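**Student:** One structure coming up, written as structure tokens, with questions to follow.
The values are calculated or read from the model by the stated rules, or taken from the named source; none is laboratory data. Keep in mind that this is a model prediction, so the values were computed, not measured. Note: ideal-geometry Cβ built from the backbone for every residue, glycine included; neighbour counts use all protein chains shown. The area values use the complete protein model at the heavy-atom level, side chains included, leaving out ligands, DNA and RNA. Shrake-Rupley method; radii C 1.70, N 1.55, O 1.52, S 1.80 Å.
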Amino acid sequence: MHDDGAVTQPEPHSPQPAAPIVDVEEPLPPIPKRTILTRIREYFLGEDPTLLTALVPTCFLSMVLYTRHPATNFIFDEQEALLANPYVRAAADPATKIGWLQAFTRDFWGLTSDRTIGSYRPVPDIVWRALWKIGARDQSAFPHDYLNVMLHGLNGALVVLLVLRWTRDRMTAWLAGGLFVATAVVTEAVSGVVGLADVLGGTGALLALLALNLRIYIMPLAVFWATMLGLYSKESALCIVPMVPLAALLTSQITHPQRPLRWARAVVAAATTGVAFVFYVEMRRRWFPVATPAALTIEANAGKPALARFFAAALRWYAQPMLPHDPLNNPLINASTPYRVAGALRVYARGLGQLIFPRTLSGDYSAPQEPIPSRLIFPESVLGASGLILPLVAAPVVGLASWLRWRREGKAALPEAGPFRTAAEAAPVLVIRRFAPAPLIAFCLMWIVISYFPVSNIPVVLPTVRAERFWYFPAIGSAIVLSLCFAWLFDAGRKARALPASVALFVLYIGFQCFSARMHAFDYKNDLAFWDATRKAVPYSAKAHLNYSVMLGARGDLEGRLASNDVALHLAPEWPMASVYEGDTLCRLHRAPEAVPHYLRGFELGPNDQSLIALGMQCLWDEHELVEDSPVRAQLQEVADKFPGSWVKYLVDDTLESGEEYKGVNPKYRPRGYNEGPKKDE
């Protein structure tokens with residue numbers, strides 16, 4: 001206060017200087033070290049796999065398990081399918097007037113419809129011709145075999161994506177892809193060049209199933225082209241036609257939870273696959289016309305029941321090219337229908353066993369390894385019937401129960417899809433996982449049955465009684481079922497604090513599959529190794545022993561060839577080739593007089609087998625057994641006269657009359673040498 005009494009405001013305090021800012025470095029938390037296991041876990045489980053990220057491990061696993069040696073030669077059916085295939089070899093001969101599109105007018109072996117031995121598969125032929133164009137060679141199966149390996153890896157990646165979409169679970173998806181790639185029973189299809197048809201057919205089937213995830217107005221186009229790829233690759237892709245609509249019916253609530261439209265999607269899928277199938281058959285009938293077998297004509301079926309007439313009419317329309325009927329390759333050809341079915345059920349049961357536990361794998365199962373059964377009911381026929389019928393009965397029940405449960409519980413658990421999120425994003429993953437396993441298992445078990453049924457020898461008789469490549473399609477279903485089972489086992493193990501035991505069981509199982517696959521792939525090192533492994537795996541296969549003997553003979557071991565040929569002749573005494581090759585071995589050992597009875601026996605058993613007769617006649621000529629006044633000439637003439645109009649009659653007469661001019665058999669009738677391409681006139 002001043003002296004005059006005025007009140008004054010106190011002056012503000014002068015600001016204090018700010019305290020200096022001290023830069024104190026606080027230690028940051030340590031960055032966790034990323035171990036190899038952490039990186040692996042992040043790769044597989046850190047985010048949803050894409051096609052590219054799935055391809056890397058599946059292709060790598062396929063390469064490790066199935067790659068053949070780059071110098072391996074063409075083995076078994078690969079020789080006829082590629083070396084003797086005029087369509088494929090035309091790529092290396094500009095003078096050959098066989099256009100690329102003629103693949104649709106020829107069979108799997110490059111033959112025209114009037115010479116076909118069955119199997120209409122244009123897409124693999126086109127692929128082989130393209131590979132031949134860029135430098136494939138007669139003496140090495142590479143890169144044809146390597147293409148199968150990479151495509152199998154691609155199919156494994158497609159399985160990963162498919163199961164991820166069906167289960168919304170990364171672990172289950174990776175398990176399914178790995179189990180499918182490692183399924184050892186598919187080794188024949190993947191390591192064998194001819195298996196390209198099965199692998200490409202599997203690609204078409206997987207793409208068709210994946211197409212069901214698309215919107216309903218886009219889905220038909222994708223399903224159509226995937227179905228066409230499958231059908232033009234392998235006839236057994238016929239399973240796509242009924243199974244894709246069934247997949248739409250059973251999985252729509254999983255793939256499209258907000259608007260399943262299951263019946264609409266199933267009907268659209270059925271119409272699409274049906275149109276694709278009809279188009280395929282009608283085009284094949286026009287591009288590759290074949291004669292109707294006598295057993296399927298209207299006259300032959302006139303007095304049969306309505307169901308039999310309908311089945312014959314369906315087969316007439318389908319116009320399947322005539323297939324070879326050789327009792328040695330398929331003894332069920334000579335069985336009555338009940339015994340054929342019993343034998344087929346036994347083969348099916350054994351195939352299911354190989355699918356799960358591939359203790360023995362082989363490239364051949366010809367007679368008498370898989371004979372006609374002696375009775376109708378026995379353990380394997382019962383097991384086969386159960387494995388065939390139970391999934392067909394259970395699947396509709398499981399499907400109906402799942403649908404009712406979804407209507408009662410599933411839809412109420414789903415939130416509404418907002419304007420800024422899709423139905424898939426709105427669907428809680430746990431809800432999808434809760435309702436996915438039952439319909440998926442039902443579908444996959446039906447997939448195994450339906451995809452195998454056309455090649456089971458039950459509806460129609462096939463040229464082959466049993467082949468492991470037939471299991472490529474069923475392996476897709478079995479891998480998905482096993483992945484769901486192992487995923488459940490891991491969850492149960494985690495809850496029971498026994499996860500290491502569950503993981504150990506899985507590692508043991510897939511390790512055995514991988515070991516079996518790799519060991520069988522080693523059998524494809526070369527033709528000798530292949531048939532040596534085959535005769536040991538199936539000791540009652542006459543063909544395995546005979547082909548092994550041929551491989552020994554090609555390497556100069558005629559004594560070894562004779563010993564193995566003896567086994568084949570003992571197993572199949574009525575097989576013309578076994579008798580003729582026995583004689584041929586003795587003849588090449590300069591024991592021609594001992595060879596003559598075997599030649600004569602073989603000529604009588606197969607009077608129209610041109611190659612065998614020419615082979616025997618040529619060796620007898622070279623060994624000077626057909627000189628004038630030789631008793632062998634009279635013996636041959638006696639056999640030939642029994643079969644007028646046959647090849648044995650023609651070749652014996654021609655060689656005895658004109659042998660001096662041709663130095664034996666006319667060269668145009670002589671058989672091709674082993675590992676040799678087609679002749680000029682082919």
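**Student:** With the checklist (1) at pLDDT 90 or above; (2) part of a helix (DSSP H, G or I) in hand, flag the one item S374 doesn't pass.
**Tutor:** (2)
**Student:** Let me ask something else. Can you tell which of L328, L345, L361, L355 is within 23 Å of A189 (Cβ to Cβ) and over 20 Å from the mean Cα position of the chain (by Cα)?
**Tutor:** L328
**Student:** Related question: Tally time: how many residues in segment 373-384 are crowded, with 17+ Cβ neighbours inside 10 Å and not charged (D, E, K, R)?
**Tutor:** The qualifying residues number 4.
**Student:** Could you list, in sequence order, the residues of segment 291-304 that are assigned to a loop (DSSP other than H, G, I, E, B) and either open to solvent by less than 90 Å² (accessible area, probe 1.4 Å) or charged (D, E, K, R) (or both)?
**Tutor:** If the condition is that a residue be assigned to a loop (DSSP other than H, G, I, E, B) and either open to solvent by less than 90 Å² (accessible area, probe 1.4 Å) or charged (D, E, K, R) (or both), then A291, T292, P293, T297, E299, A300, N301, A302, G303, K304 are the ones that fit.
**Student:** Being in contact with a Phe, Trp or Tyr (Cβ under 6 Å, 6 or more places away or on another chain), of a type outside the set (K, R), open to solvent by less than 30 Å² (accessible area, probe 1.4 Å) and in a helix (DSSP H, G or I) narrows it down to one residue among V163, V181, V123, V149; which is it?
**Tutor:** Answer to the check: V149.
**Student:** Look through Q320, Q354 and report the one residue that is of a type outside the set (A, V, I, L, M, F, W, C) and either open to solvent by 40 Å² or more (accessible area, probe 1.4 Å) or within 26 Å of L164 (Cβ to Cβ) (or both).
**Tutor:** Just a single option satisfies the conditions, and that option is Q320.
**Student:** Can I ask one more? Working only within segment 313-329, note down all residues that are under 22 Å from K234 (Cα atoms) and outside any loop (DSSP other than H, G, I, E, B).
**Tutor:** Matches in segment 313-329: A314, L315, R316, W317, Y318.
**Student:** Need the failing condition index for Y540 against (1) in a helix (DSSP H, G or I); (2) within 28 Å of L355 (Cα to Cα); (3) hydroxyl-bearing (S, T, Y), just the number.
**Tutor:** Condition (1) is where Y540 drops out.
**Student:** Turning to a different aspect of this structure: If we keep just the residues of segment 132-146 that are surrounded by fewer than 24 Cβ atoms within 10 Å (Cβ to Cβ) and touching a Leu at 6+ places or on another chain (Cβ under 7 Å), which is modelled with the lowest pLDDT?
**Tutor:** So the residue we want is D138.
**Student:** A follow-up question, please. Only one residue in V275, V267, V244 is farther than 30 Å from L404 by Cβ and either at pLDDT below 90 or not charged (D, E, K, R) (or both), so which one is that?
**Tutor:** Only one candidate passes the filter, namely V275.
**Student:** Consider A349 carefully, then state whether it is assigned to a helix (DSSP H, G or I), small (G, A, S), within 30 Å of A578 (Cβ to Cβ) and modelled with pLDDT of 90 or more.
**Tutor:** Answer is yes for this residue.
**Student:** Does any residue of segment 255-265 turn out to be open to solvent by less than 10 Å² (accessible area, probe 1.4 Å), under 28 Å from A394 (Cα atoms) and in contact with a Ser or Thr (Cβ under 6 Å, 6 or more places away or on another chain)?
**Tutor:** no
**Student:** Something else now. Could you give every pair whose Cβ atoms fall below 7 Å, whose first residue belongs to segment 333-346 and is over 19 Å from I450 (Cα atoms), and whose second residue is open to solvent by less than 40 Å² (accessible area, probe 1.4 Å) and of a type outside the set (A, V, I, L, M, F, W, C), counting only separations of at least 6 or pairs across chains?
**Tutor:** Listed by first residue and then by second, the contacts come to A335/G343; Y339/P373.
**Student:** Could you tell me whether L249 is open to solvent by 30 Å² or more (accessible area, probe 1.4 Å), modelled with pLDDT under 95, of a type outside the set (G, A, S) and over 25 Å from V460 (Cβ atoms)?
**Tutor:** Here the answer is yes, as L249 does meet what is asked.
Every residue, every condition in (1) in contact with a Pro (Cβ under 9 Å, 6 or more places away or on another chain); (2) among the hydroxyl-bearing types (S, T, Y); (3) under 18 Å from E582 (Cα atoms), yes or no:
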{"residue": "M617", "(1), (2), (3)": "no, no, yes"}
{"residue": "L620", "(1), (2), (3)": "no, no, yes"}
{"residue": "V627", "(1), (2), (3)": "no, no, no"}
{"residue": "P631", "(1), (2), (3)": "no, no, no"}
{"residue": "A640", "(1), (2), (3)": "yes, no, no"}
{"residue": "W647", "(1), (2), (3)": "yes, no, no"}
{"residue": "L651", "(1), (2), (3)": "no, no, no"}
{"residue": "D654", "(1), (2), (3)": "no, no, no"}
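**Student:** Let me ask something additional. Give the number of residues within segment 219-238 that are crowded, with 21+ Cβ neighbours inside 10 Å and either in contact with a Pro (Cβ under 7 Å, 6 or more places away or on another chain) or not hydrophobic (A, V, I, L, M, F, W, C) (or both).
**Tutor:** Final tally of qualifying residues: 8.
**Student:** Out of all the residues in segment 620-647, which are part of a loop (DSSP other than H, G, I, E, B) and open to solvent by less than 10 Å² (accessible area, probe 1.4 Å)?
**Tutor:** Hit for segment 620-647 is L626, nothing else.
**Student:** When segment 533-581 is examined, which residues are found to be of a type in the set (D, E, K, R) and crowded, with 19+ Cβ neighbours inside 10 Å?
**Tutor:** Residues satisfying the conditions are R535, K543, R561.
**Student:** Filtering segment 507-530 down to residues that are free of Cβ contacts under 8 Å to residues at least 24 places away in the same chain and open to solvent by less than 40 Å² (accessible area, probe 1.4 Å), which residue is nearest to E188 (Cα to Cα)?
**Tutor:** Looking at the filtered set, the residue picked out is A529.
**Student:** Determine whether F443 is surrounded by fewer than 22 Cβ atoms within 10 Å (Cβ to Cβ) and at pLDDT 90 or above.
**Tutor:** no
**Student:** Output the qualifying pairs, or none if there are none: Cβ atoms under 9 angstrom, residues six or more apart or on different chains, first residue in segment 266-292 and on the phi < 0 side of the Ramachandran plot, second residue acidic (D, E) and open to solvent by less than 60 Å² (accessible area, probe 1.4 Å).
**Tutor:** Once the first residue is on the phi < 0 side of the Ramachandran plot and sits in segment 266-292, its partners that are acidic (D, E) and open to solvent by less than 60 Å² (accessible area, probe 1.4 Å) give F288/D107.
**Student:** Here is a follow-up. Which residue pairs have Cβ atoms under 8 Å apart, sit 6 or more places apart or on different chains, and have a first residue in segment 361-378 that is farther than 26 Å from M519 by Cβ and a second that is assigned to a loop (DSSP other than H, G, I, E, B) and open to solvent by 10 Å² or more (accessible area, probe 1.4 Å)?
**Tutor:** As it stands, the answer is I372/A335, since those pairs meet every condition given.
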